[in-house]
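Single-structure report; data block below.
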Amino acid sequence: MVSCQDQQQEKMSDCTDLESQLRVVRQELEQREVDHHEEVEKVKDDLDCLQNELIARKEVIDVANETIVLKVCLLGFISQIVSMQKICGSLMTYD
């Protein structure tokens, strides 16, 4: 009978030890979850910042492209004016 009682106590002790280990592992996992959640939030913030930077750069590029188009149009217009002045100038010399 003593042997059975000793085995029972040993099993209870083992169970208590396992419960303690389980609590420690659970706490470690919960802390890892918190750490990973924080890391994910930081990565999301970094991605948001990068996205905002890309949007700002795209806006700058769009404005630069519009400026180039306007300058090309202006150069074409000036070229036409110069051509017209040459034609008018050559017509005036024939008078």
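Quick notes on this one:
- Applying the set (1) modelled with pLDDT of 95 or more; (2) outside any helix (DSSP H, G or I) to ASP95 leaves exactly one unmet item: (1).
- Candidates ILE68, ILE87, ILE78, filtered to the one that is assigned to a helix (DSSP H, G or I), within 37 Å of the chain's Cα centre (by Cα) and among the hydrophobic types (A, V, I, L, M, F, W, C): ILE68
The values are calculated or read from the model by the stated rules, or taken from the named source; none is laboratory data. Treat the numbers as computed from the prediction; the structure is a model and nothing was measured.
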